[in-house]
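A.B. asks: Below you'll find the structure I mean.
The values are calculated or read from the model by the stated rules, or taken from the named source; none is laboratory data. If you're wondering where the values come from, they're calculated on a predicted model, not measured in any experiment. Every residue, glycine as well, gets a Cβ built from its backbone with ideal geometry; the counts of neighbours run over all protein chains shown. Accessible surface areas use protein heavy atoms only, side chains included; no ligands, DNA or RNA. Shrake-Rupley method; radii C 1.70, N 1.55, O 1.52, S 1.80 Å.
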Amino acid sequence: MTTSTAAPEAARPTAIAELSTTVAELAANPDAWLPRVRLDPQGRWYERLHRDDDHEIWLISWLPGQSTGLHDHGGSRGAFAVALGTLEERDPGAARRLAAGESRAFGADYVHEVRNASTAPAISVHAYAPPLASMNRYDLVDGRLVRLATEEAGRW
């Protein structure tokens, strides 16, 4: 995608609505990603499909029980779409199931956990703007988020 630096935020591919559209369109096009998918019983498998100065796109596969744990995106905005199967997303205030074709978008301060709570594999597409530089890991203690660790981009 080509963007002008003079374009308003809403028109840039890094706006939340555009990230949401990007992941939904890619998730609906399995010919673009299905041959790349791997399933790993040791943990979620992931591959970066695209990265530029403005945003990045990831493909993630999930076996039953695999989870991210509570985390943020280090100040990046983002969106993800379920391409195959069902995932559960939990933030400190709610939990929801997302089936293939459904997506979620979020702002820079969002904290959530994504997991495969089903009995079948799942695949999702994620986009972040700007590209992830770090992520903070959290635990929920007495209804409060407690930061456990910070991971820098070189760790994933």
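A.B. asks: Percent of alpha carbon pairs in region 109-153 separated by more than 15 Å?
C.D. replies: 60 percent
A.B. asks: What percentages, rounded to whole numbers, describe P(r) for region 62-133 computed over all alpha carbon pairs with 10 Å bin width beginning at zero?
C.D. replies: 22, 54, 23, 1
A.B. asks: Bin all alpha-carbon pair distances of the chain at 5 Å intervals from 0 and give each bin's fraction as a whole percent.
C.D. replies: 2, 9, 18, 22, 22, 15, 7, 3, 1, 0
A.B. asks: Subtract the Cα-Cα distance of Ser67 and Glu25 from 0.36 nm times their separation in residues, and report this length gain in nm to one decimal. Mind dumping the intermediate values first?
C.D. replies: Details: separation 42, 0.36 × 42 = 15.12 nm, distance 2.39 nm.
Extra length available between Ser67 and Glu25 comes to 12.7 nm.
A.B. asks: If you roll a 1.4 Å probe over the chain with all protein chains in place, what percent of the accessible area is carbon or sulfur?
C.D. replies: Values: 3880 of 7990 Å².
Carbon and sulfur: 49 percent of the exposed surface of the chain.
A.B. asks: Could I ask something else about it? Any idea what the relative contact order of region 1-143 is, in percent, if you count C-alpha pairs under 8 Å spaced at least 6 apart?
C.D. replies: Values: 339 pairs, mean separation 43.8, N = 143.
Answer for region 1-143 is 31 percent.
A.B. asks: Full-extension gain between Asp40 and Glu88, please, as 0.36 nm times their residue separation minus the C-alpha to C-alpha distance. Provide the component values of the computation, followed by the final result.
C.D. replies: On the way: separation 48, 0.36 × 48 = 17.28 nm, distance 1.89 nm.
Separation in residues times 0.36 nm, less the Cα-Cα distance, equals 15.4 nm.
A.B. asks: Could you state the number of Å between the C-alpha centres of region 14-76 and region 89-156?
C.D. replies: Using only Cα atoms, the two centres lie 11 Å from each other.
A.B. asks: Could you compute the net charge surrounding Tyr138? Neighbours are other residues with a C-beta less than 14 Å from the C-beta of Tyr138; K and R count +1, D and E count -1.
C.D. replies: Details: positive: Arg90, Arg137, Arg144, Arg147; negative: Asp72, Asp91, Asp109, Glu113, Asp139, Asp142, Glu151.
Summing Lys/Arg as +1 and Asp/Glu as -1 gives -3.
A.B. asks: Another question, then. Taking only protein heavy atoms into account and a 1.4 Å probe, give the accessible area per residue of the chain in Å². Numbers along the way, then the final one.
C.D. replies: Numbers: 7990 Å² over 156 residues.
Per residue, the chain has 51 Å² of solvent-accessible surface.
A.B. asks: Next question. Rounded to the nearest 20 Debye, what is the dipole magnitude of region 1-140 about its Cα centre when Lys and Arg each give +1 and Asp and Glu each give -1 at the C-beta? Show your work: numbers first, answer last.
C.D. replies: Values: 13 positive and 18 negative charges, 70 e Å.
Computed charge dipole of region 1-140: roughly 340 debye.
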